[in-house]
Amino acid sequence: MAEIAEVVKNNRKPSFTRYCQNLDAYIAQIEVTGADNIKLSTAAGSERVQLFLEECRQSQRKVFILGNGGSAAIAAHIQNDLCNGAGIRALSCQDIPTLTALSNDHGYAKAYERFIRQWAAEGDFVIAISSSGESENILRAVTSAVQIGCRIFTMSGFKAYNSLRQMGDINFYVPSSHYGHVETIHAIIGHFITDTA
């Protein structure tokens, strides 16, 4: 939002109340699309995600959750809640020896892609989280997952036409370029889908 950008530009920090008001405004502006950029309501989009998760539970398919940095922390939290709270088989490729070995041997851009190619199967579900929607390692992994026949749920922010947002069966987009806002709202979405799984 313009007022946050202006506050940051002028080196003034928003109050907690203003910060929460901005979050609330961004939540109200979440855009959800399906395949081929078909617009959906947040209710319809979240219902599809819940359906995919239920199908994974019933058929013992796997859910993969991918992210970098703050998004990796959100991915790990979603994995924990899906496994522990919902009884769904979920993986986030956050094992440090494996992730560093894949990165060292094949480059970080290919690490998640190699993980998906080794473990994913047709009908599995991939949750891809990237604030910018332009992280190469996430995009490569999603491309591989699509080729395998996985269903894809993306969460992104920043630019409205980011690459990741064009790749999913369900795409939740937060119209902000502020990492804190985007990541916080992605975490809220993550809590919602795991709390209702």
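Where both residues lie in the chain, what percent of DSSP beta bridges are antiparallel, nearest 5? Show your work: numbers first, answer last.
Numbers: 6 of 22 bridges.
In the chain, approximately 25 percent of DSSP beta bridges are antiparallel ones.
So if we plug the beta-carbon distance of Cys83 and Val146 into 1/(1 + (r/R0)^6) with R0 = 25 Å, what FRET efficiency do we get, rounded to 0.05?
Working: r = 24 Å, r/R0 = 0.98.
E(calc), rounded to 0.05, equals 0.55.
Hey, fewest Cβ within 10 Å first, where do Lys39, Lys62 land in order?
Lys39, Lys62
Quick one: 3J(HN,Hα) in Hz for segment 67-82, Karplus 6.51/-1.76/1.60 with θ = phi - 60°, rounded, Gly and Pro as x.
x, 10, x, x, 5, 5, 5, 5, 4, 5, 5, 4, 4, 4, 5, 5
Taking the Cβ-Cβ separation of Thr17 and Ile96 as r and a Förster radius of 30 Å, what is the calculated FRET efficiency to the nearest 0.05? Working shown, then result.
Details: r = 39 Å, r/R0 = 1.30.
FRET efficiency, Thr17 to Ile96: 0.15.
Quick one: length gained pulling Lys159 to Gln58 fully straight, 0.36 nm per residue minus the C-alpha distance?
32.8 nm
State log₁₀ I(q)/I(0) for the chain at q = 0.11, 0.13 Å⁻¹ as given by the Debye formula over alpha-carbon point scatterers of equal weight, solvent excluded.
Values returned for q = 0.11, 0.13 Å⁻¹ are -0.48, -0.67.
Compute the distance from the alpha-carbon center of segment 15-92 to that of segment 166-186, in whole Å.
Their Cα centres are 10 Å away from one another.
Does segment 52-168 come out rounded, prolate or oblate by the C-alpha gyration tensor, with a ≥ b ≥ c the root eigenvalues, rounded set by a/c under 1.5 and, if not, prolate when a/b is larger than b/c and oblate if not?
rounded
In segment 106-197, what GluC sites (Glu not before Pro) fall in a loop by DSSP, with at most 13 other Cβ atoms inside 10 Å? The partial results should precede the final answer.
Working: sites: Glu113, Glu122, Glu134, Glu136, Glu183; in loops: Glu122, Glu134.
Filter output for segment 106-197: Glu122.
Only the coordinates and a few stated rules stand behind these numbers; no lab work does. This one's a predicted model, so the numbers in the text were calculated from it and none came from an experiment. Note: ideal-geometry Cβ built from the backbone for every residue, glycine included; neighbour counts use all protein chains shown.
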